[in-house]
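Novice: What follows is a structure written as structure tokens; I'll ask about it next.
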2 protein chains.
Amino acid sequence: MANKTKHEKLERLAKLVRYFILASTTEAGSGHPTSSLSATDLMTALLFGRIFRFDACHKEHPNNDRLIFSKGHASPLLYALWAAAGKVSEEELLTLRKFGSPLEGHPTVVFPYAEAATGSLGQGLSIGLGMALNAKYVDKLPYKTYVLLGDSEMSEGSQWEAMQLAAHYKLDNLIGVMDVNRLGQRGETMYGHDLDAYKKRVSSFGWKAMTIDGHNFDEIFSAYRKAAKVKDQPAMIIARTIKGKGVSFIEDKNGWHGKALNRDEYERALKELGEVDKTIRGRIKKPEDLRPEKQTPQQAAPLTYDRAKPLATRKAYGHALRRIFPQFPNMVVLDAEVSNSTYSEIFQEAHPDRFFEMYIAEQNMADMALGLYCRGKIPFVSTFAAFLTRAYDQIRMSQYSEANLKFCGSHAGVSIGEDGPSQMGLEDLAMFRAILNSVVLYPSDAVSCDKLVEEAARHEGIVYIRTTRKDTPILYSVEDNFPIGGSKVLRKSDNDATTVISAGITLHEALAAYEDLKKEGIPIRVIDLYSVKPLDRDTIIEAARETKALITVEDHYPEGGIGEAVLSALATEKTPVHLLAVRKTPKSGKPAELLEYEGISKSAIIQKVKEII
Amino acid sequence: MANKTKHEKLERLAKLVRYFILASTTEAGSGHPTSSLSATDLMTALLFGRIFRFDACHKEHPNNDRLIFSKGHASPLLYALWAAAGKVSEEELLTLRKFGSPLEGHPTVVFPYAEAATGSLGQGLSIGLGMALNAKYVDKLPYKTYVLLGDSEMSEGSQWEAMQLAAHYKLDNLIGVMDVNRLGQRGETMYGHDLDAYKKRVSSFGWKAMTIDGHNFDEIFSAYRKAAKVKDQPAMIIARTIKGKGVSFIEDKNGWHGKALNRDEYERALKELGEVDKTIRGRIKKPEDLRPEKQTPQQAAPLTYDRAKPLATRKAYGHALRRIFPQFPNMVVLDAEVSNSTYSEIFQEAHPDRFFEMYIAEQNMADMALGLYCRGKIPFVSTFAAFLTRAYDQIRMSQYSEANLKFCGSHAGVSIGEDGPSQMGLEDLAMFRAILNSVVLYPSDAVSCDKLVEEAARHEGIVYIRTTRKDTPILYSVEDNFPIGGSKVLRKSDNDATTVISAGITLHEALAAYEDLKKEGIPIRVIDLYSVKPLDRDTIIEAARETKALITVEDHYPEGGIGEAVLSALATEKTPVHLLAVRKTPKSGKPAELLEYEGISKSAIIQKVKEII
């Protein structure tokens, strides 16, 4: 009897949520009501059935349970739930998808109860995994993380990256809720309503899998309770649902994805829904008032480098992570099974509890980092620069979560040598520059790399650090500073013939070219553009005005890299710019042979300078 | 007894292959001998045990079996096998990893027996899937496709995208060989030698899975024979192997990934190997001389468009695919479950046998397309522009296979409106421009879109076509031509104050600005830059010289797009360029509101023109 009363209230709440979904999408004239309706009972039970624990007045409470809508197109449901919780007014609901409304077509963090921006499918589970990992291993809090998954999006490989890693880390605080409504955007999914097909896969990946009727509250509650009790395994509730559930003429019908009801259809739907109690509001259970142990930042150890000893910037990256950790105790470090190449292993050895092996699964790594950021951490994420391309969608999406993430791509450019083009990062600068408000750093020596890692940790936002495989000479003193947006003029005279702007391995070629040209009586200016974005426009413009021409040199394809960054800064200036960049398909060979082959070596610079003057 | 003799020859061949692996990597001073040695027995048995059928004198024979090394770092094994087959001399083997050698650190198509470039892990299975799909559904040939997989790379989600789709398409001509050598680059994999962990996963994804000892020829042959007989399912041979097998002091040892033996170690290894018969060569069984049905190109239907009726370029894309198919009978069309948005469904309706649903799995889609290209097809691949970022690593890698692939990204830019930033392609131009020798097309109306799809089909190489969600007016006549590398000057006078260069949705804003400015007596030039790469440098330079300034307008982030492309073309010119682009985090809203908000609308253009003059 108690049970019955409980379900009755939930049923009324679910009806209210359905009403909100229909009202907001019809008002918007677009959106995804059917994908929202299928998950309504699952989510209503979760939030208002005393399963989910969340202090809605203190949404930042560190022990709040987390809920991620991986199927971001079900945003009308997300907004409707929080309306049913009394946190969004009906008036505000009707601003769905309108310019300036926090209720966007797919959730972004402009909506205060969205944990992260979603809408590119197959990302929410990885984000949730980051949050669950944080709970179990970093903050050591009992909160649980729930992820609402669509069945269509289970075809994204990133899901299975997350699946395997969640099992590997024994995340029994992570619960997936799979809304198997059978229909994708343009028809049936690969498995339709074959719940066992999903169960087999999910179980084989080491999860506890349960199949239920997603519209039966008894089954739903039983599953949530079972999931809460699973030990050392994440749990997946695989729910058979009906797309459009509650409105007979759109239920389980193809052609109704991403489509709002028109006014007439809406009126018919409301009739079907019957009386809606618009005054009822759901209550969410509060979490225990637990907080993570307080971390007090300590002074980092001073930087020391032997100026006589060349060192690869990738090694300096590892050293820097270890050095600055006391100052940034919220740091966590992730690496995709190449920590002995990126040298994040230097951090791992010092702080094994803050290092997480991600194995070769870059997409999941990027979104796990986002999940960790969402719980207040500063994630440093490393792999070969080339392989970060694997996570471009995740990186792109993280900007809409206003994320604070640090990516490090090692093995930049053709100068890696013998391993050949597959391992060469040659489009990474273009890729990261095209992220709004990103910071792109490209140190040329160990000292500047170390300092830039520290700058990256301090900066709020997405930062990319490009490192080099080979040892390079130390250029700077440990007293030098490298603010984001700065540059270093390394060689300068009053009568410089031209200016060479570079960073990374090719900066050393520029310095060598300087020496040779000096002997011939041709002075050139050399600028270390360690901050590719934002760049030091003033210094570049000064050089443009004081010298005849600029030459940019980069171990990167010509598009979107240092050359175009400089061109953008000089868009309204009149100084010619000559771009030296990788223009031929790279191959295996010695680094010096490849720099020569691509025309980004000392001799290519000298030749270009002589051509110009 | 017959069996025994056979194995004896194979054992001698395997010994020769091991010798080649060690000799070439020690000579190179780097490379991956241990990862090659673990798979030596598996591959020797395959090639020289009358399983694999390949006419080595006619490597282009359409009925040759295909072999892809997904674990590309085992390239020394690949080269050694072809040396053992008599196709690479020992002298050539010793050029491994040297500048100019076809034997690169990771395979590229410079090596004639590499099907495709690999080395970014987790891509070979998808490539193989494309070849297997081609065999079963397009060319209708009995050849089989084998893919050598590493255990480490099974953590890439892309593998599971391929797994599910291979089962979905019942590809019983696809055989995976998983070399479970337990060790990744920096230590043990997630599952070590737990073969059952892999078997469970593989079976649950619908494959026939077998576990064997990968160094036991009886078990290896039994598995290959069983795999050949499986019906309606792909088969996976999961082989327990020893990394470094054959050289005791590196066998199954951590710290030996990607490391060649030094001379002393090499001598020790050779002693262990014992006498090697360097004269023996393996024979590969020839395939049946079957060829696909000949396709004769027909004239495509003439293009017809009603000039009065606006049409979205995404729809024109679908119409064009259907129209040009008779002319390009090798076309295949792939789409990631959004064919009713990209409008590739128009092609699907007309030619269902040449359309393949890829579901929401963009990584696999891109590499499947590569596999289809490898078998002579012209794949057109579509999804939202935003979601092509998901496949950037695959797209990047395909350039090293010298691929002929056509990508279409729909829903470009903020002008998609209400769905919000997750669905907006805003870095796609940057991403595709940074691919060496890529072509980037951005039509503004249905006619040019149709013609550009035809140009794309005709062009050999990687082409990107960016389409727009909204209907746009028809600008051109069906007689107009749109060569790659061209542009159209739409408005021009002798006294143009400035030139506006644009493409896509913002070109229509530029044309509207032209009308308003004309009324005010301010003539401007307007250029349709439909070919963003390569671009029409002559026309742009002419405009730069004839008008005071250039304004670029694009529905894309400022980096790597039209603005920077124009800057690159004008790098040594003196005309100022003003870039109008998306500079604020986009949101949901009406297309017009968003163009206005981002400063890429008619009014923003007018304002900028007035600022300049």
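The values are calculated or read from the model by the stated rules, or taken from the named source; none is laboratory data. Remember, it's a predicted structure, so these values are computed and weren't measured experimentally. Heads up, the Cβs are rebuilt from the backbone with ideal geometry, glycines too, and the neighbour counts pull from every protein chain shown. Only protein heavy atoms, including side chains, enter the accessible area calculation; ligands, DNA and RNA are left aside. Shrake-Rupley method; radii C 1.70, N 1.55, O 1.52, S 1.80 Å.
Novice: Looking at (1) of a type in the set (Asp, Glu); (2) under 26 Å from residue A:223 (Cβ atoms); (3) within 26 Å of the chain's Cα centre (by Cα), which one does residue A:41 not meet, given that it meets all the others?
Specialist: (3)
Novice: Are any of the residues in the range A:490-498 farther than 16 Å from residue A:607 by Cβ and either under 36 Å from the mean Cα position of the chain (by Cα) or in contact (Cβ under 8 Å) with a residue 40 or more places away in the chain (or both)?
Specialist: In the first step, residues of the range A:490-498 are kept if they are farther than 16 Å from residue A:607 by Cβ; the result is A:490-496.
From the residues that got through so far, the ones that are either under 36 Å from the mean Cα position of the chain (by Cα) or in contact (Cβ under 8 Å) with a residue 40 or more places away in the chain (or both) too are A:490, A:496.
There is at least one residue in the range A:490-498 that is farther than 16 Å from residue A:607 by Cβ and either under 36 Å from the mean Cα position of the chain (by Cα) or in contact (Cβ under 8 Å) with a residue 40 or more places away in the chain (or both).
Novice: On to the next question. I'd like to verify a number: residues in the range A:455-507 that are of a type in the set (Val, Ile, Thr) and either within 30 Å of residue A:372 (Cβ to Cβ) or surrounded by fewer than 17 Cβ atoms within 10 Å (Cβ to Cβ) (or both), how many?
Specialist: Qualifying residue count for the region: 8.
Novice: Return yes when residue B:349 is open to solvent by 10 Å² or more (accessible area, probe 1.4 Å), under 25 Å from residue B:72 (Cα atoms), at pLDDT 95 or above and within 13 Å of another protein chain (Cβ to nearest Cβ) and no when it is not.
Specialist: no
Novice: Of the conditions (1) away from chain B (no Cβ under 14 Å); (2) surrounded by fewer than 24 Cβ atoms within 10 Å (Cβ to Cβ); (3) in contact (Cβ under 8 Å) with a residue 12 or more places away in the chain; (4) not small (Gly, Ala, Ser), residue A:134 clears all except one; give me its number.
Specialist: Unmet for residue A:134, out of (1) away from chain B (no Cβ under 14 Å); (2) surrounded by fewer than 24 Cβ atoms within 10 Å (Cβ to Cβ); (3) in contact (Cβ under 8 Å) with a residue 12 or more places away in the chain; (4) not small (Gly, Ala, Ser): (2).
Novice: For the range B:482-522, name all the residues that are farther than 19 Å from residue B:442 by Cβ and in a loop (DSSP other than H, G, I, E, B).
Specialist: Passing the criteria: B:492, B:493, B:494, B:495, B:496, B:497, B:520, B:521, B:522.
Novice: If you check A:375, A:396, which single one turns out to be open to solvent by less than 10 Å² (accessible area, probe 1.4 Å) and among the basic types (Lys, Arg)?
Specialist: Unique residue meeting the criteria: A:396.
Novice: Let me ask something else about it. Of all residues in the range B:575-589, which are more than 11 Å from residue B:549 (Cβ to Cβ) and either out of contact with any Phe, Trp or Tyr (no Cβ under 7 Å at 6 or more places or on another chain) or within 7 Å of another protein chain (Cβ to nearest Cβ) (or both)?
Specialist: Residues satisfying the conditions are B:579, B:580, B:583, B:585, B:586, B:587, B:588, B:589.
Novice: Can you tell me which condition residue B:202 does not meet? The list is (1) out of contact with any Phe, Trp or Tyr (no Cβ under 8 Å at 6 or more places or on another chain); (2) open to solvent by 30 Å² or more (accessible area, probe 1.4 Å); (3) closer than 23 Å to residue B:129 by Cα, and all the others hold.
Specialist: The failed condition is (2).
Novice: If residue A:541 passes every condition in (1) part of a helix (DSSP H, G or I); (2) within 14 Å of chain B (Cβ to nearest Cβ); (3) touching a strand residue (DSSP E or B) at 6+ places or on another chain (Cβ under 9 Å) but one, which one does it miss?
Specialist: (3)
Novice: Which members of the range B:258-309 meet the condition of being at pLDDT 95 or above, in contact with a strand residue (DSSP E or B) (Cβ under 9 Å, 6 or more places away or on another chain) and surrounded by 15 or more Cβ atoms within 10 Å (Cβ to Cβ)?
Specialist: Within the range B:258-309, B:284, B:286, B:287 qualify.
Novice: Tally time: how many residues in the range B:525-550 are of a type outside the set (Lys, Arg), surrounded by fewer than 16 Cβ atoms within 10 Å (Cβ to Cβ) and more than 26 Å from residue A:583 (Cβ to Cβ)?
Specialist: Total satisfying the criteria: 1.
Novice: Test each condition in (1) outside any helix (DSSP H, G or I); (2) more than 24 Å from residue B:97 (Cβ to Cβ); (3) at pLDDT 95 or above for residue B:45 and report the one that comes out false.
Specialist: (1)
Novice: Let me ask another. Can you give me the number of residues within the range B:397-424 that are within 12 Å of another protein chain (Cβ to nearest Cβ), in contact (Cβ under 8 Å) with a residue 60 or more places away in the chain and not in a loop (DSSP other than H, G, I, E, B)?
Specialist: Residues in the range B:397-424 being within 12 Å of another protein chain (Cβ to nearest Cβ), in contact (Cβ under 8 Å) with a residue 60 or more places away in the chain and not in a loop (DSSP other than H, G, I, E, B): 8 in total.
Novice: Being touching a residue at least 40 places away in the same chain (Cβ under 8 Å) and within 10 Å of chain B (Cβ to nearest Cβ) is the filter here, so list the residues in the range A:202-228 that pass it.
Specialist: Those that are touching a residue at least 40 places away in the same chain (Cβ under 8 Å) and within 10 Å of chain B (Cβ to nearest Cβ): A:205, A:206.
Novice: Here's a check for you: in the range B:137-150, which residue that is farther than 19 Å from residue B:44 by Cβ and open to solvent by 10 Å² or more (accessible area, probe 1.4 Å) is nearest to the other protein chains (Cβ to nearest Cβ)?
Specialist: Once the filter is applied, the top-ranked residue is B:137.
Novice: Are any residues in the range A:560-613 among the acidic types (Asp, Glu), closer than 28 Å to residue B:101 by Cβ and part of a helix (DSSP H, G or I), and if so, which ones? Can you show your working first?
Specialist: Step one: list which residues in the range A:560-613 are among the acidic types (Asp, Glu), which gives A:564, A:573, A:593, A:596, A:598, A:611.
Narrowing further to those that are closer than 28 Å to residue B:101 by Cβ: A:593, A:596, A:598.
A:593, A:596 - these are the residues of the range A:560-613 that are among the acidic types (Asp, Glu), closer than 28 Å to residue B:101 by Cβ and part of a helix (DSSP H, G or I).
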